[in-house]
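Each remark here refers to the structure printed beneath this line.
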Amino acid sequence: MELSTLPALPDPHGIAVLLLVVVALFLFTRDSIPLETSSLVVLALLTAGFELFPYAANGKSLHAIDFFSGFGHEALVAVCALMIAGQGLVRTGALEPVGRQLARLWTVSPMLSLLLTLLAGALLSAFVNNVPIVVLLLPILISVSLRTKRPASEILMPMGLATLVGGMSTTIGTSTNLLVVSVAADMGLPRMSMFQFFLPAAIAGALAILFLWLLAPRMLPRREALMEDTSPRVFTAHLTVDEESPAAGKTLAELNEKAGGALRVAQIYRGENIALTPLPDVVIKPGDRLSVKDTPDKLKEMEAVLGARLYTGGTAVDEEHPLHDEGQQLAEIVVTQGSRLEGSTLSHLRFADYYQLMTLALHRAGTATPVLRAEVGDVTLKVGDVLLVQGQREQIAELKRSGELLVLDATSNLPSTRYAPLALLIMAAIVVVAAFGLLPIAISAVCGVLLMILTRCLSWRDAAQALSTPVILIVVASLALGSALLHTGSADYLAQLFVSLSAGSSPTVMLSGLMLLMAILTNIVSNNAAAVIGTPIAIGIARQLGLPAEPFVLAVLFGANMSYATPMAYKTNLLVMNAGGYRFSDFLRVGIPLTLIVWLALSWLLPLLYDL
């Protein structure tokens, strides 16, 4: 390739925008920087830069304030409204019958049930954000795994990836699809209908589902749940203080200091009917019984330090009479998007007091060992984190029924209310009205959310929890970057550069290369950022070649949806990774072949369908 064949560089503003794109892509790959922070940095740099250094081209000025238009963009409105509507399905248990039927089928034919689970996940994800679908199916499949003694690692990743495959088949399947379709329409392309690209997506998706059904479970090594036996159970017992105990006559504060600050007294019992609140200045008397809760080792240590006698159920604890705590259960709670745990700490939320559960350990993807109870209270929780908790069986059962948090080892029914059929009907109306073109999806979804709130399918608190700050800010920042690329000529420069570097190649090869580039990018940075940046470039490439823009736009859309190969590529991958105990290499093992299958299928289908 001769250097002279390369296009001329854009003007200084265009070069600055290209550099900012590089900075943005770097920031989006940093796990140590929250995605919303990276997005806000990009937005601030972009607006401040264009305000300080005004830009005008072809007699038109680009105002910095225009970059905030993403907050009112119809794509963002539709994304947020659909997230809230999806939350309505979760909170009312509207999808519970699907889960119940799938759970029953697993006892009859595991292979057929796995196929139906994959198909159900893919089909539902074509119309509902896949996060609620994964949240619905995770407890069911974990429960199936426990009952059938089949490793959960064989079925959780295929299920999660199937929802990603299904999500690329309609314009509302993912926020990525909505963004690409909206940006393309803003650039003058005819607006795509809901099922405009369903055929190529369905054919490629069918091949992907076959792979996930027949081959993926055999390619995945057996993994044990990472939270198993990571911390000893916690027991409730009584420390009885007698006349000779050095604890007699001391205040509770003095005893706690002697125990190194590790003494946790729930109640002090004196005599037959007196229960004292464990205030620091309470003086401990002979005969007092201190109700304590801790691990066996810690309780025995307290017994030695305080010179008290440890009892459980009225019996002194020894080798013949070990600790026991009837009615206690262990459970695993996953931090999901929009839950009150996300972005907060257990200490700040007063988790133990509010839920009456004790946290034993925390597991986070990418850490070799779990964070144990002594350290977990001050850890800022992220989506995908798994908490190992212990509490009364009734308390955990109530937590499962409420649907407020995602409890993995579900043994009771999923949340279901009398509003479930109504929520399902409203969601169906949102889809049907948009599919027939009666209303744009942004408007039909907003109307649907209003109906869910008016009919009490959702509360405003539920609606607020459904919204995701990272999603909102990445969408706005991506739209702003895409606009800057377009108006400064940077998108045209990248399109010319792509065409120049691939000179001599057929349009099919160019389209396939663009899709593969997006597929690689989406597994490293945000798929929304990859999609919005890639869309104007795809349209520029089509114009350079004098070809229809739609297949190139779809190459970006499909490529940006191939978030299969890394756990950080999509939030549901993180949920599945922790629940199944997967490693990073497991996603590469299954995700790379899946990406190749979908990419090769669409590289053949798109040119065929659009006569390239």
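Here is how the numbers come out for the structure above:
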item	result
Looking only at segment 268-296, and only at residues there that are of a type in the set (D, E, K, R) and assigned to a loop (DSSP other than H, G, I, E, B), the one that is surrounded by the fewest Cβ atoms within 10 Å (Cβ to Cβ)	Glu272
Residue match in segment 90-98 (condition: assigned to a loop (DSSP other than H, G, I, E, B), of a type in the set (Gly, Ala, Ser) and out of contact with any Leu (no Cβ under 9 Å at 6 or more places or on another chain))	no
Those residues of segment 334-354 which are over 18 Å from Arg461 (Cα atoms) and of a type in the set (S, T, N, Q), in sequence order	Thr345, Ser347
Whichever residue in segment 575-593 is surrounded by fewer than 24 Cβ atoms within 10 Å (Cβ to Cβ) and touching a residue at least 40 places away in the same chain (Cβ under 8 Å) and, among such residues, is farthest from the chain's Cα centre (by Cα)	Pro593
Checking Ser169 against (1) in contact (Cβ under 8 Å) with a residue 60 or more places away in the chain; (2) buried (at least 24 other Cβ atoms within 10 Å of the Cβ); (3) assigned to a loop (DSSP other than H, G, I, E, B), the condition it does not meet	(1)
Scan of segment 1-58 for residues that are in a helix (DSSP H, G or I) and of a type in the set (Ser, Thr, Tyr), ordered by number	Ser4, Thr5, Thr37, Ser38, Ser39, Thr47
Filtered residue count, segment 529-564, keeping only those that are surrounded by fewer than 24 Cβ atoms within 10 Å (Cβ to Cβ) and not in a helix (DSSP H, G or I)	4
Residue match in segment 70-87 (condition: β-branched (Val, Ile, Thr), closer than 24 Å to Gly580 by Cα and part of a helix (DSSP H, G or I))	no
Candidates Leu138, Leu179, Leu207, filtered to the one that is part of a helix (DSSP H, G or I), surrounded by fewer than 24 Cβ atoms within 10 Å (Cβ to Cβ) and in contact (Cβ under 8 Å) with a residue 60 or more places away in the chain	Leu207
Residues satisfying the stated conditions in segment 51-75, i.e. aliphatic (A, V, I, L, M) and exposed (fewer than 14 other Cβ atoms within 10 Å of the Cβ)	Leu52, Ala56, Ala57, Ile65
Qualifying residues in segment 96-123 (those that are under 30 Å from Pro440 (Cα atoms) and touching a residue at least 60 places away in the same chain (Cβ under 8 Å)) - the one surrounded by the fewest Cβ atoms within 10 Å (Cβ to Cβ)	Leu119
Residues of segment 394-425 satisfying the condition of being of a type outside the set (S, T, N, Q), modelled with pLDDT of 75 or more and more than 20 Å from Pro97 (Cβ to Cβ)	Glu394, Ile396, Ala397, Glu398, Leu399, Leu405
Hits in segment 99-135 (condition: within 19 Å of the chain's Cα centre (by Cα), under 28 Å from Ile203 (Cβ atoms), of a type in the set (Val, Ile, Thr) and assigned to a helix (DSSP H, G or I))	Val131, Ile133, Val134
Hits in segment 248-264 - residues which are among the small types (Gly, Ala, Ser) and at pLDDT 80 or above	Ala248, Gly249, Ala253
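The values are calculated or read from the model by the stated rules, or taken from the named source; none is laboratory data. Fair warning: this is a prediction, and the values are worked out from it, not measured in the lab. When we count neighbours, we look across all protein chains shown, and the Cβ atoms used for this are built from the backbone with ideal geometry, even at glycine.
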